[in-house]
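Notes follow the structure.
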Amino acid sequence: MRVIGITSGTSFDAVEALLVDFEADGDLLSAQLVEHRSVTYPARVRDAIASVLPPATTTVEEVCKLDVAIGQAFASVAGELAEANGPVDIVCSHGQTVFHWVEGRAALGTLQLGEPAWIAERTGATVVSDVRNRDIAAGGQGAPLACLLDILLLGRHPAQRLGALNLGGIANVTVLGPDDDPVAFDTGPANALIDAAVSWVSGGHEAYDHGGALAASGHADPALVGRLLDEPYFSLPPPKSTGKELFNLEYVTSRLGPEHLAPADLVASVTAATGESVAAALAPFGLAELFVSGGGMRNPTLMAELRRHLPGVRFRTTEELGVPEAAKEALLFAVIGYFSACGLTASIPSCTGASHASVLGSLTPGLRRLRLPATACPPSRLAVGGNA
Ligand SMILES: Nc1ncnc2c1ncn2[C@@H]1O[C@H](COP(=O)(O)OP(=O)(O)OP(=O)(O)O)[C@@H](O)[C@H]1O
Ligand SMILES: [Mg+2]
């Protein structure tokens, strides 16, 4: 089955699309990564997303227009990928999260934009979309869904606890122990606050701290780091999920003290607090190894903070498992598309907190007659190959 997984994360830096050729053999699912594309949004779409994200307010007219613009942007990326590589059976689109509705520890709703009809029309494939809401309706967080892929990729080590950490806008982890049920949760910000601070101090000229250089040139202010870590979310037990509704520019500016901080010192403080928050969430698990992915890997200052606070952990990357750092989320949605098309449940209740596992997503039929494969045996291992 040929599946495109397509998504844009909370940083909305790029639409990530991955074409995967799946083949099942018993409980082993083989995934050949055919081609990965990372395509930045047209500037007007990027600006429109920025203008609706919390704490901004918007109108249903803007939401409708943005839903179409994102759907068309995704359709264009998926369409070109399919044209270059031959037709696909399924496109699984995560869309663009614009609101993740959390109250206390409960996730009550989540909204991803990117109307799937445009993708079905352009590619002719059946589209799986809206992959989070079914898990929320089953009492779960709708996030992190990555634990499915982490479990398939890492399996269980007979004696050690392994972790997977994705440093996107938000940081999410999966913890896999030899005996206990998998656990997964959002630790809080990964790049969200760093990007917000950098964009603010640069007057909108810079979107992120390239190579962590600005943070490395400054000194973290311990008082500000303390205030940035003073947030009840960090001490909530899992399962839990969060987003830019909480971790945005206002989060940083509302914690600034009276003292004047140089831009480099502010970004150093935000980077230090971010690293400490992720490490503090992981420390109690006593991980032997941590497989890292996501754009935050390219910020050595953030990575140094993490390593400093997790001295006993061996840091590895998902690239060692054959998954390019920027393609992991797209691979996850390709896997979810495969599972949904086969009628297999893809949510993991111990990770999201749902009362049961669900087949995820809504289907938009493509141009060909909708024919789904017979229910397959649930895969328990994923072997990744290919050239993407
Ligand atoms: N060279 C770099 N130096 C420093 N930071 C970088 C670099 N490249 C990417 N980043 C950071 O990574 C972020 C993008 O990461 P990524 O695409 O994994 O996040 P995302 O789109 O929010 O995805 P998701 O939330 O779904 O995991 C950028 O916003 C930036 O903060
Ligand atoms: Mg991204």
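Bear in mind that the values in this text are calculations on the coordinates, not laboratory data. Just so it is clear, the structure is predicted and the values come from calculations on it, not from any experiment. Here the Cβ positions follow ideal geometry from the backbone for every residue, glycine too, while neighbour counts run over all protein chains shown.
Values as computed for the structure displayed
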{"read-out": "Distant-in-sequence amide H partners of Phe99 (H built 1.01 Å from N, under 5 Å)", "value": "Leu111"}
{"read-out": "Gaussian network model of the chain, springs between alpha carbon atoms under 10 Å - residue of Ala272, Ala78, Ala376 with greatest fluctuation", "value": "Ala376"}
{"read-out": "Given charges at Cβ of Lys, Arg, Asp, Glu: the chain dipole, positive-most of Gly226, Gly139, His309", "value": "Gly139"}
{"read-out": "Lys, Arg +1 and Asp, Glu -1 on Cβ, resulting dipole of the chain about Cα centre, debye, nearest 20", "value": "480"}
{"read-out": "Relative contact order of the chain, pairs being alpha-carbon contacts under 8 Å that are 6 or more residues apart, as %", "value": "25"}
{"read-out": "Residue order, fewest to most beta carbons within 10 Å, for Glu115, Glu276, Glu83", "value": "Glu83, Glu276, Glu115"}
{"read-out": "Order by protection proxy (mean Cβ within 10 Å, highest first), peptides 168-176, 359-367", "value": "168-176, 359-367"}
{"read-out": "Size of charge dipole - region 147-321 - debye, nearest 20, with Cβ of Lys, Arg +1 and Asp, Glu -1, no other charges", "value": "280"}
{"read-out": "Net charge contributed by nearby residues that have their C-beta within less than 14 Å of Pro55 (K/R +1, D/E -1)", "value": "-1"}
{"read-out": "Residue exposure sequence - Ile6, Ile49, Ile90, Ile136 - by fewest surrounding Cβ within 10 Å", "value": "Ile49, Ile136, Ile90, Ile6"}
{"read-out": "Orphan Cys of the chain, criterion: no other Cys C-beta under 4.7 Å", "value": "Cys64, Cys92, Cys342, Cys377"}
{"read-out": "Cα lying deepest toward the dipole's positive end in the chain, options Leu290, Ser241, Ile348, charges on Cβ", "value": "Ile348"}
{"read-out": "Region 98-188 - charge dipole about Cα centre, Lys and Arg +1 at Cβ, Asp and Glu -1, debye rounded to 20", "value": "100"}
{"read-out": "Rg over Rh [alpha-carbon atoms, Kirkwood Rh] for the chain", "value": "0.95"}
{"read-out": "Net lengthening on full extension, Asn85/Arg368 (0.36 nm per residue, minus Cα-Cα)", "value": "100.1 nm"}
{"read-out": "Proximal aspartates and glutamates relative to Lys65, as straight alpha-carbon distance under 16 Å, when same-chain residues fewer than 8 apart are discounted", "value": "Asp47, Glu115"}
{"read-out": "Region 147-321: Rg to Rh, with Rh as the Kirkwood radius over Cα pairs", "value": "0.98"}
{"read-out": "Unit charges at the beta carbon, dipole of the chain: most positive-side option, Ser217, Val201, Leu149", "value": "Leu149"}
{"read-out": "Degrees between helix 60-85 axis and first principal axis of the chain (Cα, 0 to 90, nearest 10)", "value": "60"}
{"read-out": "Of Asp21, Asp179, Asp221, the one that fluctuates the most in a GNM where the chain has Cα springs shorter than 10 Å", "value": "Asp179"}
{"read-out": "Nitroxide proxy distance, nm - points 7 Å out along Cα→Cβ at Glu250 and Ser355", "value": "3.3"}
{"read-out": "Of His100, His205, His219, the one that fluctuates the most in a GNM where the chain has Cα springs shorter than 10 Å", "value": "His205"}
{"read-out": "Kirkwood Rh in Å, taken over region 98-166 so that all alpha-carbon pairs contribute", "value": "14.7"}
{"read-out": "Mean separation of Cα contacts under 8 Å, 6 or more apart, over the residue count of region 225-348: relative contact order %", "value": "21"}
